[in-house]
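Working notes, beginning with the structure itself.
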Amino acid sequence: MAIVIPDKCLRCDEPWTEENPYLARGLHGRCYRTTYNRGELDLYPSTRYKIPYQPRQRNVGARIEVECKTPSCTRTAMRTKGWGTQTFRCERCRYAKVKTGFYDETLLNGYDLMLPPKERVEYWLNPNNLKNFRGKLVPFVQPGGPEGDCLIWQRQKHGNPAQMAASQVYAKCHWYGKNERVHRVVASVMFNIPLEELLVVDHLCEVKSCVNPDHLHPCTLAENTAGRIKTKRLETKIVHLEEEVKRLTVLLTKKVS
């Protein structure tokens, strides 16, 4: 004998839907629970035959794209259709979480290598940009210098022993297959001068590890040498004046006493 299922729920007179399918005794799932809790199942006798089990049809395995949950990420994540409004993260952000502990791909080693030259240099010059360097998160640059407006490079540096002892060392980076000085790369990109045509870059602030483009001045070797000689002469004059002030101060003290 064929099983006859009512066209709609016997309690609420609503048709069967995917959210409220037929359960038993001609009732919706929610209506069946309400009837059971009130002890009114006897008002809706069960059918003569059991209805065979039919699993709900879902789009099992169907994948859709959703926006990544990380606010600064513009990638998309994949999730299974039918999971409601849950949010997901892309593979890159999940990989960053494993490596750095944060859902931020900008902290990954080599992130800046994927950027165009100008964006890469601007990313370096932002003191708020961190990166995993030697096992800890540090920015590329930090404010410093005599006036506090220099951008001191925080990564690899190189120089001779005298420069290292005086903390006057040049910043170094790996730029498209070659080891270059960072201030030359910054000047080349920010002043739109090909690196192979850039002769000398003078530090106006006299801090060799500074990479602030406002403190860099592309010039010729003669101009740089002349400026260095002028600076050396001024330093010599300052030393002589300081010695003369000390000598006069001692003589004045003796006369007064």
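Read-outs throughout are calculated quantities, based only on the coordinates presented, and are distinct from any laboratory measurement. Note that the coordinates shown come from a computational prediction; the quantities given were computed from them, not determined experimentally. No Cβ is skipped: glycine too gets one built from the backbone with ideal geometry, and neighbour counts run over all protein chains shown.
Details
- Per-residue ³J(HN,Hα) for the range 120-125, Karplus 6.51 cos²θ - 1.76 cosθ + 1.60, θ = phi - 60°, Hz, x for Gly and Pro: 5, 5, 5, 5, 4, 7
- Proxy reagent accessibility, fewest Cβ within 10 Å first, across 253, 70: 253, 70
- Computed E for residue 196/residue 155 - FRET, C-beta separation, R0 25 angstrom, nearest 0.05: 0.60
- Residues of the range 120-135 with amide N under 17 Å of the 7 Å Cα→Cβ point at residue 98: none
- Compared with the alpha-carbon gap, the fully stretched path from residue 220 to residue 34 is longer by 58.0 nm at 0.36 nm per residue.
- In a simple Cβ point-charge model (Lys, Arg +1; Asp, Glu -1; nothing else charged), the range 8-47 has a dipole of about 120 debye relative to its Cα centre.
- Distribution of pairwise C-alpha distances over the range 171-212, 10 Å bins, in %: 29, 60, 11
- Cβ-derived FRET efficiency at R0 41 Å, residue 91 paired with residue 41, nearest 0.05: 0.20
- Additional length obtainable on full extension of the chain from residue 63 to residue 138, 0.36 nm per residue less Cα span: 23.2 nm
- Taking a ≥ b ≥ c as the square roots of the eigenvalues of the Cα gyration tensor, the range 115-219 is rounded, since a/c falls below 1.5.
- Taking 31 Å as the limit for the C-alpha separation, the pairs 99/172; 157/246; 172/246; 69/136; 131/208 exceed it in the case of 157/246; 172/246.
- Note on the range 8-47: Kirkwood hydrodynamic radius from all Cα pairs is 9.9 Å, rounded to one decimal.
- Residues with amide H under 5 Å from that of residue 172, placed H, sequence gap 5 or more: 156, 157, 158, 182
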